[in-house]
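Here is the structure we will look at, set down as structure tokens.
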Amino acid sequence: MYQNETVLCGASKYTRKFYLNPDFDSLPKDIKDELKIMCVLFTEDVGGTIELIFTEKGNLRIRTEAEDGDALYDDIGSALLVKKMKNDKEELFMKLEMYFKMFALGMDPEELEDEVRQGRFEDEDDE
């Protein structure tokens, strides 16, 4: 079902909208609310757009962009805020990855426990 990147959610300063992929409507309301607040505040702080995306392996990535010529977009602030978000929301992101791997990719819960024990829940860029 999920062979390439899958968008979990995103927000845009340009359209002033938040998007949650309908495939994830079954997430608890408090998690959906936390994702919405996090994404909207991000775009209000630095501008542009933000997307939380699952890779084909089920790892959660944060992608930010700005339209060409957007002089108000804070590129440095964006990078700093993404880094802070990864640190502050590490547990949430790990749980979302586990949820996606189990329910969307059909991984065995025991296999996921092995990944957690072996520390595989890390950025692909760091590997």
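The values are calculated or read from the model by the stated rules, or taken from the named source; none is laboratory data. Note that the structure is predicted; figures quoted are calculated from it, not measured. Backbone-built Cβ (ideal geometry, glycine too); neighbour counts: all protein chains shown.
Couple of notes before you dig in:
- Count - residues of the stretch 49-59 that are in contact with a Phe, Trp or Tyr (Cβ under 9 Å, 6 or more places away or on another chain) and in a strand (DSSP E or B): 5
- Only residues that are touching a residue at least 40 places away in the same chain (Cβ under 8 Å) and within 15 Å of ARG16 (Cα to Cα) were counted across the stretch 49-72, and they come to 3.
Residue-wise test of (1) surrounded by 15 or more Cβ atoms within 10 Å (Cβ to Cβ); (2) modelled with pLDDT of 90 or more; (3) on the phi < 0 side of the Ramachandran plot; (4) not aromatic (Phe, Trp, Tyr).
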residue: PHE24; (1), (2), (3), (4): yes, yes, yes, no
residue: LEU27; (1), (2), (3), (4): yes, yes, yes, yes
residue: GLU34; (1), (2), (3), (4): no, yes, yes, yes
residue: MET38; (1), (2), (3), (4): yes, yes, yes, yes
residue: GLU44; (1), (2), (3), (4): no, yes, yes, yes
residue: THR55; (1), (2), (3), (4): yes, yes, yes, yes
residue: GLY58; (1), (2), (3), (4): yes, yes, no, yes
residue: LYS89; (1), (2), (3), (4): yes, yes, yes, yes
residue: PRO109; (1), (2), (3), (4): no, no, yes, yes
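- Total residues in the stretch 27-48, condition assigned to a loop (DSSP other than H, G, I, E, B) and in contact (Cβ under 8 Å) with a residue 40 or more places away in the chain: 1
- Test for LYS84: is it farther than 21 Å from GLU56 by Cβ and either modelled with pLDDT of 85 or more or surrounded by 14 or more Cβ atoms within 10 Å (Cβ to Cβ) (or both): yes
- Checked across the stretch 60-73, the condition of being among the basic types (Lys, Arg) and modelled with pLDDT of 95 or more holds for at least one residue.
- Each residue in the stretch 5-26 was checked for being touching a residue at least 12 places away in the same chain (Cβ under 8 Å) and part of a helix (DSSP H, G or I), and 2 pass.
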